[in-house]
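See below for the structure under consideration.
The values are calculated or read from the model by the stated rules, or taken from the named source; none is laboratory data. Note that this is a predicted model, so its numbers are computed, not measured. Please note: Cβ atoms are built from the backbone with ideal geometry, for glycine as well, and neighbour counts cover all protein chains shown.
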Amino acid sequence: MSKENLTADLDAAVVSNVQKFAAVGDIRYYLNGVHVVPGTADVPARIEGTNGHMLYVEEDKSARATRDLIISISKRGHALLKDGNRVKVYDDGALHIVNESGAVLYVEPGKAIIDAQFPVIDHLVGVPTDWHEGLVAPCNTGYLQKVFALPGYVRFFSRKDAEGNFTYASSVMFVVERSMKRGGKAMGLIMPVRTDFGPGASVADMLPASLVPSRGPARVAA
């Protein structure tokens with residue numbers, strides 16, 4: 001493939017991070033891929049993925065993309081999405097994963113581009129000043145495992161309602177800080193979940209009854 005046919009050239013490690021948050025086998029087929037948003041002279045390209053319950057966005061300062069597109073990489077190619085490799089997508093839908101020397105390690109011929117509209121996520125992020133540091137709303141532990149598997153350091157932010165109170169109806173934002181090797185910023189959202197305890201529940205309501213002095217049987221320390 002010639003450079004003239006190249007639609008996107010991406011950092012494979014960034015694609016790998018995002019791919020972990022994409023859907024798998026979803027009937028909404030466009031969620032099974034990752035979305036590439038081209039950059040400008042001042043704003044880096046970003047790559048984003050979502051399974052409908054959480055999403056993740058990471059900048060790729062090294063990326064070159066001629067247009068907005070959704071790409072799909074089969075499981076066989078996932079093992080090669082690692083630091084030092086590049087993902088190259090061509091206008092006929094072919095996808096190559098190459099190493100630092102440019103040698104082709106993996107090929108998907110003509111089926112890597114998903115022809116669909118990816119969900120617009122900007123309204124989910126909203127106004128940055130609406131977010132306040134701290135993890136307040138309940139989160140699915142399986143989703144947290146995905147967040148903690150990302151390289152770097154994570155910080156959580158929660159949103160307040162119109163009265164200034166933290167709300168369980170809002171998603172939780174996480175921001176990932178890492179070394180400046182790539183320099184791109186990264187964030188994600190975990191969508192709200194229903195739980196047995198509402199925002200007004202006390203700690204005593206959530207503890208096992210036997211650990212609450214006023215509710216459990218009296219015990220004498222040994």
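Residues of the range 143-170 that are among the small types (Gly, Ala, Ser) and over 13 Å from the mean Cα position of the chain (by Cα): Gly152, Ser158, Ala162, Gly164, Ala169, Ser170.
Determine if the range 172-181 includes at least one residue that is at pLDDT below 90, part of a strand (DSSP E or B) and in contact with a strand residue (DSSP E or B) (Cβ under 8 Å, 6 or more places away or on another chain).
Restricting attention to the range 172-181, the residues satisfying the condition of being at pLDDT below 90 are 177-181.
Of the ones still in play, those that are also part of a strand (DSSP E or B) are 177.
Going one step further and asking which of them are in contact with a strand residue (DSSP E or B) (Cβ under 8 Å, 6 or more places away or on another chain), we end up with 177.
There is at least one residue in the range 172-181 that is at pLDDT below 90, part of a strand (DSSP E or B) and in contact with a strand residue (DSSP E or B) (Cβ under 8 Å, 6 or more places away or on another chain).
Filtering Ala112, Ala149, Ala94 for residues that are within 21 Å of Ala22 (Cβ to Cβ), surrounded by fewer than 13 Cβ atoms within 10 Å (Cβ to Cβ) and touching a residue at least 40 places away in the same chain (Cβ under 8 Å) leaves a single hit, Ala149. Considering the range 194-212, and only residues there that are of a type in the set (A, V, I, L, M) and modelled with pLDDT of 80 or more, the residue that is nearest to Cys139 (Cα to Cα) turns out to be Met206. None of Pro128, Pro151 is modelled with pLDDT under 90 and over 28 Å from Thr195 (Cβ atoms) except Pro151.
Here are some residues: Leu150, Leu80. Which one is assigned to a loop (DSSP other than H, G, I, E, B), touching a Phe, Trp or Tyr at 6+ places or on another chain (Cβ under 6 Å) and under 20 Å from Leu10 (Cα atoms)? Please lay out each step first, then the result.
Values: Leu150 fails: touching a Phe, Trp or Tyr at 6+ places or on another chain (Cβ under 6 Å).
From the options Leu150, Leu80, the qualifying one is Leu80.
Exactly one residue out of Arg67, Arg76, Arg86, Arg155 is crowded, with 18+ Cβ neighbours inside 10 Å, among the basic types (Lys, Arg) and out of contact with any Ser or Thr (no Cβ under 6 Å at 6 or more places or on another chain), and it is Arg86. Consider Leu81 carefully, then state whether it is in the same structural domain as Gly33 (by TED's automatic domain parsing) and not small (Gly, Ala, Ser). Yes.
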